[in-house]
Amino acid sequence: AERFAEIGAAARQVRSQKASQVRADLLPTITAIQATGANSLRAIAAELNAREIPTPRRLGEWSAVQVQRVMER
């Protein structure tokens, strides 16, 4: 049981690091999109989709909720 806890903790740390890297990579793009006047989460998501920027999991299209989560992280 202790070994499983260690594996789980290591996996969470890796996921957290990947999420932080995704945020660092996307924030300049999101900031540039906001500078064009797209201030709503939906507008930012639409522009990310128009630019064909993949979602963090590379599944589907961007949604307002995904943009919010990236910005909050």
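Inspect region 16-26 for any residue being β-branched (V, I, T), out of contact with any helix residue (DSSP H, G or I) (no Cβ under 6 Å at 6 or more places or on another chain), in a helix (DSSP H, G or I) and open to solvent by less than 50 Å² (accessible area, probe 1.4 Å) and give the result as yes or no.
yes
Listed residues E61, E52; which is outside any helix (DSSP H, G or I) and in contact with a Ser or Thr (Cβ under 8 Å, 6 or more places away or on another chain)? Can you show your working first?
Working: E52 fails: in contact with a Ser or Thr (Cβ under 8 Å, 6 or more places away or on another chain).
Being outside any helix (DSSP H, G or I) and in contact with a Ser or Thr (Cβ under 8 Å, 6 or more places away or on another chain) holds for just one of E61, E52, which is E61.
What are the pairs with Cβ atoms under 7 angstrom where one residue, in region 1-26, is within 17 Å of P54 (Cα to Cα) and the other, located anywhere, is in a helix (DSSP H, G or I)? Sequence gap at least six, or different chains.
Listed by first residue and then by second, the contacts come to V22/V70; R23/V70; L26/V70.
Find the residue count for region 14-62, including only residues that are modelled with pLDDT under 90 and β-branched (V, I, T).
Adding up the residues that qualify gives 1.
The values are calculated or read from the model by the stated rules, or taken from the named source; none is laboratory data. Note that this is a predicted model, so its numbers are computed, not measured. In this analysis, Cβ positions are derived from the backbone assuming ideal geometry, glycine residues included, and neighbour counts consider all displayed protein chains. For accessibility, only protein heavy atoms count, side chains too; no ligands or nucleic acids. Shrake-Rupley method; radii C 1.70, N 1.55, O 1.52, S 1.80 Å.
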